[in-house]
Amino acid sequence: MSNGIEDLLEEEAFNADPADPAHGDPLEALARALLVEIGEDPEREGLRETPARYARWWREFTQYAPGTVDTLFESSVSGELVAVSGIQVWSLCEHHLLPFSCRMTIGYLPRERVLGLSKFARIAHLHAHRLQSQERLTQDIADDIEKLAGSPDVAVVGRGEHLCMAMRGIRTPATMTTATWRGALRDPALRTELIALTGDPSHGPAR
């Protein structure tokens with residue numbers, strides 16, 4: 001392997017402040033170095049703007065702002081199962097830096113207050129916009145739902161497709177299912193009810 005990465009990073013002021021437009025984004029230097037190392041010419045037509053696009057994408061992805069996630073409403077009932085399904089998020093596998101998509105189902109038993117509907121998707125996207133594992137993603141979402149809704153009775157099911165498996169290694173598409181069941185939602189009857197309400201046949205061991 002050549003010393004191209006080290007040389008290019010030094011040339012492009014790797015330690016420059018990305019907020020300073022006079023120095024450019026250090027991620028652009030990384031992208032140019034990557035192109036050189038895989039045998040490409042970053043100055044050829046079609047690639048000249050690629051490092052800048054690469055840098056913008058990484059900044060956009062990792063600096064994602066979900067907006068307000070803690071809107072709560074008073075509830076006249078408690079103990080009734082609330083389920084939200086079909087929340088599609090994209091994240092990045094922390095082992096290979098390749099994308100994975102995950103379809104989330106979230107259920108909980110409200111206490112005195114209910115969480116605003118859009119907040120489930122906002123919370124899911126908040127945790128997806130970072131380097132992740134699918135197992136931790138479902139746990140992180142469950143943690144926030146439990147904390148914000150003030151209910152220990154939470155379930156989160158994720159069904160993911162990972163490019164780190166489809167594009168490399170075995171090169172076979174597959175669906176991975178992870179599930180977190182907490183509090184009363186460990187009960188098999190409530191699990192069955194959640195699955196019936198959402199049309200999601202996913203299930204997994206209690207965690």
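Annotations for the structure displayed:
- Cβ pairs under 6 Å, 6+ apart, first in segment 22-51 and part of a loop (DSSP other than H, G, I, E, B), second surrounded by fewer than 17 Cβ atoms within 10 Å (Cβ to Cβ): 23/13; 23/16; 25/18
- For segment 148-160, the criterion of being under 16 Å from the mean Cα position of the chain (by Cα), open to solvent by less than 60 Å² (accessible area, probe 1.4 Å) and hydrophobic (A, V, I, L, M, F, W, C) is satisfied by at least one residue.
- Test set (1) among the aromatic types (Phe, Trp, Tyr); (2) open to solvent by 80 Å² or more (accessible area, probe 1.4 Å); (3) modelled with pLDDT of 95 or more; (4) in contact with a strand residue (DSSP E or B) (Cβ under 8 Å, 6 or more places away or on another chain) - residue 61 fails condition number: (2)
- When every residue of segment 113-133 is checked against the conditions, at least one turns out to be open to solvent by less than 20 Å² (accessible area, probe 1.4 Å), in a strand (DSSP E or B) and either touching a residue at least 12 places away in the same chain (Cβ under 8 Å) or closer than 25 Å to residue 174 by Cβ (or both).
- Of 56, 103, all but one fail to be at pLDDT 95 or above, open to solvent by 80 Å² or more (accessible area, probe 1.4 Å) and not in a helix (DSSP H, G or I); the exception is 103.
- For the condition closer than 18 Å to residue 129 by Cα, hydrophobic (A, V, I, L, M, F, W, C) and open to solvent by 90 Å² or more (accessible area, probe 1.4 Å), residue 90 qualifies.
The values are calculated or read from the model by the stated rules, or taken from the named source; none is laboratory data. On a predicted model such as this, the values are computed, not experimentally measured, just so you know. When we count neighbours, we look across all protein chains shown, and the Cβ atoms used for this are built from the backbone with ideal geometry, even at glycine. Accessible surface areas use protein heavy atoms only, side chains included; no ligands, DNA or RNA. Shrake-Rupley method; radii C 1.70, N 1.55, O 1.52, S 1.80 Å.
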